[in-house]
Amino acid sequence: MGKIKIIQGDITKLTVDAIVNAANKSLLGGLGVDGAIHQAAGPQLLAECKQLHGCETGQAKITKGYQLPAKFVIHTVGPIYSGSKQDNELLRDCYINSLDLAKDHNLHSIAFPAISTGAYGFPAVPAAHIAFAAVQNWLTEYSDYQMEVIMCAFDVKTAELYRAELKK
Ligand code: ADP
């Protein structure tokens, strides 16, 4: 059985099998959580990312964690919010594809930031709902697999939204 935990703080500090990066399609670094992850992991992370030749929106790719306490980084590209229905599906895909990739690598703990809710402009309330629904569905589908999912909220508001989602 899997479980969901909420943590408020900096995802780069977490000792887990994998942290998820809310990357952009180039996978060559950026601002926000992406910048923080590259900063903490060191230049070897960018060197490995250069070999990956980018990533499509909703998809995910894995690298080592280098100087991070996390063993791996799963890079996923959230949708740039446009208000279309497809945004919801692509955001959901980010969570599902990241979890699938973690399971494919036999990983048992994964931490997610609030994908797309920063520079990419996805409203925090629906994003939290989509994130929890996706993770809970995945954990139900793979109920025979041990996976600890940490939902990492950077700010108080996101942490409160996450706690409300978990109570539902
Ligand atoms: P995106 O481009 O997908 O919107 P951002 O990095 O701009 O990505 O923001 C995604 C979320 O990550 C935001 O909620 C932001 O507050 C959060 N965030 C930024 N830095 C960190 C960090 N060090 N640890 C965890 N979450 C972070």
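The values are calculated or read from the model by the stated rules, or taken from the named source; none is laboratory data. Just so you know, these numbers come straight off a predicted model, no measurement behind them. Reconstructed Cβ throughout: ideal geometry from the backbone, glycine too, with neighbour counts over all protein chains shown. Keep in mind that these areas ignore ligands, DNA and RNA; they rest on the heavy atoms of the full protein, side chains included. Shrake-Rupley method; radii C 1.70, N 1.55, O 1.52, S 1.80 Å.
Quick check on the chain: of the DSSP beta bridges with both residues there, what percent are antiparallel, nearest 5%?
Among the beta bridges of the chain, antiparallel pairing accounts for roughly 20 percent.
From Cα coordinates alone, what are the radius of gyration and Dmax values for the chain in angstrom?
For the chain, the Cα radius of gyration and maximum Cα-Cα distance read 14.4, 42 Å.
Can you show me the helix-derived [θ] at 222 nm for the chain, built from DSSP H runs with n ≥ 4 at -39,500 (n - 2.57) apiece and divided by the number of residues, rounded to the nearest 500.
-13000 deg cm²/dmol
Post the alpha-carbon centroid distance, segment 1-19 to segment 20-86, in whole angstrom.
16 Å
At 7 Å along the Cα-to-beta-carbon direction for both GLU56 and ASP155, put a label point, then send me their distance in nm to one decimal.
3.2 nm
Evaluate the relative contact order of the chain (contact order divided by residue number), counting alpha-carbon pairs under 8 angstrom at least 6 apart; express in whole percent.
Across the chain, relative contact order equals 32 percent.
Quick check: residue separation of GLN146 and ASP104 times 0.36 nm, minus the Cα distance between them. What number comes out in nm?
13.8 nm
Starting from the Cα gyration tensor of segment 119-168, take the square roots of the eigenvalues, sort them a ≥ b ≥ c, and report rounded, prolate or oblate (rounded when a/c is under 1.5, otherwise prolate if a/b is larger than b/c, else oblate).
prolate
At a probe radius of 1.4 Å, what is the per-residue accessible area of MET1, in Å² to the nearest 10?
130 Å²
Among the listed pairs LYS64/LYS168; LYS61/LYS157; LYS103/LYS157; LYS61/LYS168; LYS3/LYS167, give every one whose C-alpha distance is greater than 24 Å.
From the list (LYS64/LYS168; LYS61/LYS157; LYS103/LYS157; LYS61/LYS168; LYS3/LYS167), the Cα-Cα distance tops 24 Å for LYS64/LYS168; LYS61/LYS157; LYS103/LYS157; LYS61/LYS168.
Do any trypsin sites (Lys or Arg not before Pro) in segment 1-85 lie in a loop, going by DSSP, with at most 15 other beta-carbon atoms within 10 Å of their beta carbon, and if so which?
LYS25
Heavy atoms only, 1.4 Å probe, whole protein assembly: order ASP93, ASP155 by accessible area, highest first.
Details: ASP93 45, ASP155 65 Å².
So, going from the largest accessible area down, we get ASP155, ASP93.
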